[in-house]
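Read through the structure below, which is laid out as structure tokens, and then see the notes.
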Amino acid sequence: MEDSSFRQFSEEDIRPNRFHNDHQKILLKDIDMLLSRKNEFVECKCPACDMDDNEIQFLKKGFNYRRCRRCHTIYINPRPSKDVLKWFYHNSKNYEFWNNVVFPASEESRHKNIILPRVVKTIELCKKYKTNNNSLLEIGAGFGTYCAEMQSRGIFQRVIAIEPTPDLASTCRKRKIETIESAIEEVKPSSDFMFDVVVNFEVIEHVFSPREFLSHVYEILNPGGLLIFSCPNGNGFDVRTLKMESDTVDHEHLNYFNPYSIGILLNSCGFKVLEVFTPGRLDADLVRKKIISGEFKLENDDELLKYILIKEWDILGAAFQQFLIRNSLSSNMWAVAQKDR
Ligand SMILES: [Zn+2]
């Protein structure tokens with residue numbers, strides 16, 4: 001799912017519908033490409049609590065999604081190995097498409113509806129937890145919109161982007177952002193590669209080993225430094241209701257944490273968890289659209305959901321989404337964690 005936090009907007013604003021068919025074709029090609037190396041997929045334990053006690057949750061397009069019985073994290077297992085993932089993201093037609101077509105076409109709306117609220121929220125959290133403002137690193141900087149906006153605010157002396165996908169890294173550099181074209185795990189900590197704040201948005205669900213990823217982030221944070229990130233909530237309304245029909249559930253998303261399990265993982269990597277919240281605004285609307293289009297059918301005993309999402313939508317829709325947000329049940333989650341001072 002897109003990071004739908006904080007502002008009301010429609011899916012059309014950030015993923016224009018006219019690209020839908022082309023995008024679907026490209027995604028299918030990507031899936032075929034990834035599955036062509038299925039014999040190199042590897043078994044893993046729960047990415048949050050490291051237990052090996054899980055049950056099958058669903059099968060979708062050739063991938064097995066399992067659910068940890070202990071912490072309820074959903075995860076693809078077996079999953080593409082690190083080498084396969086690196087190869088996949090270097091050759092993915094999806095990313096080329098986003099860089100060349102979707103991002104440029106929706107830049108203004110994405111800036112207003114997604115990036116600006118992210119920047120504002122980051123600054124608010126940094127003030128709240130009194131971080132130093134020498135350096136901020138964004139992992140997975142994509143089109144560079146967040147870093148460019150953050151740089152323009154002049155709050156941090158250095159704003160640095162890490163982006164492993166060549167096309168996207170090139171875009172970041174064109175926007176005059178200090179860019180490292182690499183995966184974070186491949187960058188060695190050094191005295192000029194330490195940060196007061198590290199952010200990443202919709203990244204951790206893609207990585208082979210979230211534990212290794214977060215441990216690495218811990219290493220490059222200054223004492224008292226803040227980690228802020230967002231990712232899907234596997235216990236959120238969208239995923240829980242639509243299950244495998246949810247667009248959040250796809251081949252690129254290997255890890256679906258929840259507010260409880262992300263805390264377990266962060267603690268085990270040395271972090272103190274400051275906040276976990278689910279500000280996503282699209283759940284009710286996404287489920288409603290799938291019902292209306294016929295892609296998803298409510299069971300007969302789902303009278304209440306039919307009442308809220310269809311019959312009385314104009315009256316109850318927004319209030320229902322607010323209920324999800326307040327009770328950690330939206331499918332987009334933010335976590336804020338700190339390294340000891
Ligand atoms: Zn677990």
Residues satisfying the stated conditions in the stretch 166-177, i.e. within 21 Å of the chain's Cα centre (by Cα) and either over 20 Å from GLU96 (Cα atoms) or crowded, with 20+ Cβ neighbours inside 10 Å (or both): LEU168, ALA169, THR171, CYS172
Which numbered condition GLY224 fails, given (1) open to solvent by 10 Å² or more (accessible area, probe 1.4 Å); (2) touching a residue at least 40 places away in the same chain (Cβ under 8 Å): (1)
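Looking only at helices (runs of 4 or more DSSP H) that lie completely in the stretch 232-297, which have at least 1 residues being open to solvent by 10 Å² or more (accessible area, probe 1.4 Å), in contact (Cβ under 8 Å) with a residue 40 or more places away in the chain and within 16 Å of the ligand (Cβ to nearest atom)? Give the derivation first.
Numbers: elements: 237-242, 259-268, 283-293.
Qualifying helices (runs of 4 or more DSSP H): 259-268.
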Test: residue in the stretch 203-217 that is of a type in the set (S, T, N, Q), part of a loop (DSSP other than H, G, I, E, B) and surrounded by fewer than 20 Cβ atoms within 10 Å (Cβ to Cβ): yes
Residue tally, condition in contact with a helix residue (DSSP H, G or I) (Cβ under 7 Å, 6 or more places away or on another chain), open to solvent by 10 Å² or more (accessible area, probe 1.4 Å) and farther than 30 Å from PRO166 by Cβ, over the stretch 44-92: 3
ILE180 surrounded by fewer than 23 Cβ atoms within 10 Å (Cβ to Cβ) and either in contact with a strand residue (DSSP E or B) (Cβ under 6 Å, 6 or more places away or on another chain) or farther than 20 Å from LYS339 by Cβ (or both): yes
Near pairs, Cβ below 6 angstrom, 6+ apart or cross-chain, from the stretch 118-133 (aromatic (Phe, Trp, Tyr)) to any residue that is modelled with pLDDT of 95 or more: TYR129/LEU226
Subset of the stretch 26-37 [out of contact with any helix residue (DSSP H, G or I) (no Cβ under 9 Å at 6 or more places or on another chain) and part of a helix (DSSP H, G or I)]: LEU28, ILE31, ASP32, LEU35
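Can you tell me which of THR73, THR131 is within 16 Å of the ligand (Cβ to nearest atom) and at pLDDT 95 or above? Don't jump to the end; show me each part of the working.
On the way: THR131 fails: within 16 Å of the ligand (Cβ to nearest atom).
Going through THR73, THR131 in turn, the sole match is THR73.
Within the stretch 218-260, which residues are among the small types (Gly, Ala, Ser) and more than 15 Å from the chain's Cα centre (by Cα)? Break it down stepwise before answering.
Taking the stretch 218-260 first, the residues among the small types (Gly, Ala, Ser) are 224-225, 230, 234, 236, 246.
Passing the criteria: GLY224, GLY225.
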Subset tally (residues that are in a loop (DSSP other than H, G, I, E, B) and more than 19 Å from the chain's Cα centre (by Cα)) for the stretch 72-84: 2
Hits in the stretch 48-63 (condition: more than 15 Å from the ligand (Cβ to nearest atom), under 21 Å from the mean Cα position of the chain (by Cα) and either under 25 Å from ALA335 (Cα atoms) or not in a strand (DSSP E or B) (or both)): LYS61
Cβ pairs under 9 Å, 6+ apart, first in the stretch 78-107 and touching a residue at least 60 places away in the same chain (Cβ under 8 Å), second of a type in the set (Gly, Ala, Ser) and in a helix (DSSP H, G or I): ASN99/SER170
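The values are calculated or read from the model by the stated rules, or taken from the named source; none is laboratory data. Predicted, not measured: the structure shown is a model, and the values here were computed from it. Every residue, glycine among them, receives a Cβ derived from its backbone with ideal geometry; neighbour counts consider all protein chains shown. Just the protein is used for accessible areas: all its heavy atoms, side chains included, with ligands, DNA and RNA removed. Shrake-Rupley method; radii C 1.70, N 1.55, O 1.52, S 1.80 Å.
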